[in-house]
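Written below as structure tokens is the structure these notes are about.
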Amino acid sequence: MKDHYQYKSPVTGEIYDPKTSVRYSEIPTFMRAPLVSDLSEIDIALVGVPFDIGVTNRSGARHGPREIRNMSSLIRLFHPVTRVNPFDLCRVADVGDVRVDNAFHIEAAIESIKSFFWKLHNAGVVPLTAGGDHSITYPILEAIATDKPIGLIHIDAHTDTSDTFLGSNVHHGAPFRRAVESGFIDPMRTIQIGIRGAQNTTEGWEYSLDKGMRVIFMDEVDQLGIDGVIEEARRVVGDASAYLTFDVDGIDPAYTPGTGTPEIGGLTTREALALLRGLRGLNFVGADVVEVSPPFDNSGNTALVGATLMYEILCLLVETAQK
Ligand code: MN
Ligand code: MN
């Protein structure tokens, strides 16, 4: 048992690893990783951002981190394809949630999120985050892209490059427009995958295309196949630093009904796994899974999908963090 796996019961003094103990027991951290408070002991931090004031329609993603933690008790260690245990390669810990004190004030909340991730980034810790709605990715990118714009792999039904809506320019349909404007992401090294659904305005689609992002609408996913999409993602992002952001509405609502803005005709969970597994070796500096909304998730399957996507992405991050 590796040192960073160990828990010591304050009552019995027993030393054990929660990840290989009875999995329905204990307080549910992400993937039953230890809850660690010293950043110098962590390579990859699992973070919750319980915030959904950025939604334009159905709320509830503020409950995402807690339900993903709960369902992530089902996650086990060894990957079925690579046979790798990500927890053997890196020190992975749950660092709790961003404390969003100003929960009614979106700009102040975004500041809280940014300063939390800034501290992780300064400590050299790679964040893997559970949202929260997609507005949380803008302050995460601000904290991570400190030197120059980074690349982005963005899986979603929506481009999230709209402008001001209902009085806000930092709502969950705008983070990647703001990130381009602020120089946090390089639009020429950005790929958006799974885009679909009718819109009341085409401004988001046009912004992405005008700025040179590679936008793969769902009909093109069908034409290219997942292998073709993987090839495009690797070509667009290249070898330099990149962030991975996965909105669960990129997947078909048959699999992920518990989300704020569902659009039918999306990726299957099998396609999503194949897509992620095709991204091995890219230079990821962080990632998130967003828009799991437990109030709409009657079966709990959306939270399970979110937890499993986090595990798959963790397997990508540990390979990069090891280099
Ligand atoms: Mn989104
Ligand atoms: Mn979306």
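The values are calculated or read from the model by the stated rules, or taken from the named source; none is laboratory data. Worth saying up front: this structure is predicted, and the values here are computed from it rather than measured. Cβ coordinates were reconstructed from backbone atoms using ideal geometry, including for glycine residues, and neighbour counts include every protein chain displayed. To get the accessible areas, we keep the full protein, side chains included, count just its heavy atoms, and leave off ligands, DNA and RNA. Shrake-Rupley method; radii C 1.70, N 1.55, O 1.52, S 1.80 Å.
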### Summary
Counting only residues that are within 16 Å of ligand 2 (Cβ to nearest atom) and open to solvent by 40 Å² or more (accessible area, probe 1.4 Å), the range 263-278 contains a total of 2
### Query
List the pairs whose first member sits in the range 153-179 and is on the phi > 0 side of the Ramachandran plot and in contact (Cβ under 8 Å) with a residue 24 or more places away in the chain, whose second member is open to solvent by 10 Å² or more (accessible area, probe 1.4 Å) and more than 8 Å from ligand 1 (Cβ to nearest atom), and whose Cβ atoms are under 8 Å apart, counting only residues at least 6 apart or on separate chains?
Asp160/Arg177; Leu166/Thr56
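Return the total of residues in the range 224-262 being within 21 Å of Pro149 (Cβ to Cβ) and open to solvent by 10 Å² or more (accessible area, probe 1.4 Å). Give the derivation first.
We begin by selecting, within the range 224-262, every residue within 21 Å of Pro149 (Cβ to Cβ); these are 232-247.
Subset that is open to solvent by 10 Å² or more (accessible area, probe 1.4 Å): 232, 234-236, 238-241.
Final tally of qualifying residues: 8.
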### Query
If you go through the range 86-105 one residue at a time, how many are more than 17 Å from Leu39 (Cβ to Cβ) and surrounded by fewer than 17 Cβ atoms within 10 Å (Cβ to Cβ)?
6
### Query
With respect to Asn70, is the statement that it is part of a helix (DSSP H, G or I) and surrounded by fewer than 20 Cβ atoms within 10 Å (Cβ to Cβ) true?
yes
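From the list Ser59, Ser37, exactly one residue is in a loop (DSSP other than H, G, I, E, B), under 22 Å from the mean Cα position of the chain (by Cα) and at pLDDT below 90. Which is it? Don't jump to the end; show me each part of the working.
Numbers: Ser59 fails: at pLDDT below 90.
From the options Ser59, Ser37, the qualifying one is Ser37.
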### Summary
Over the range 279-315, the set of residues open to solvent by 20 Å² or more (accessible area, probe 1.4 Å) and of a type outside the set (A, V, I, L, M, F, W, C) is Arg280, Gly281, Asn283, Pro294, Pro295, Asn298, Ser299, Asn301, Thr308
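Return yes when Ile226 is away from ligand 2 (no atom under 14 Å from the Cβ), modelled with pLDDT of 95 or more and in a strand (DSSP E or B) and no when it is not.
Values: away from ligand 2 (no atom under 14 Å from the Cβ): yes; modelled with pLDDT of 95 or more: yes; in a strand (DSSP E or B): no.
Considered against the rule, which asks whether it is away from ligand 2 (no atom under 14 Å from the Cβ), modelled with pLDDT of 95 or more and in a strand (DSSP E or B), Ile226 comes out as no.
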### Single match in Ile150, Ile191 (criterion: of a type in the set (A, V, I, L, M) and out of contact with any Ser or Thr (no Cβ under 7 Å at 6 or more places or on another chain))
Ile191
### Summary
Residue hits (the range 265-279; in contact (Cβ under 8 Å) with a residue 40 or more places away in the chain and either among the β-branched types (Val, Ile, Thr) or not in a helix (DSSP H, G or I) (or both)) are Gly265, Gly266, Leu267, Gly278, Leu279
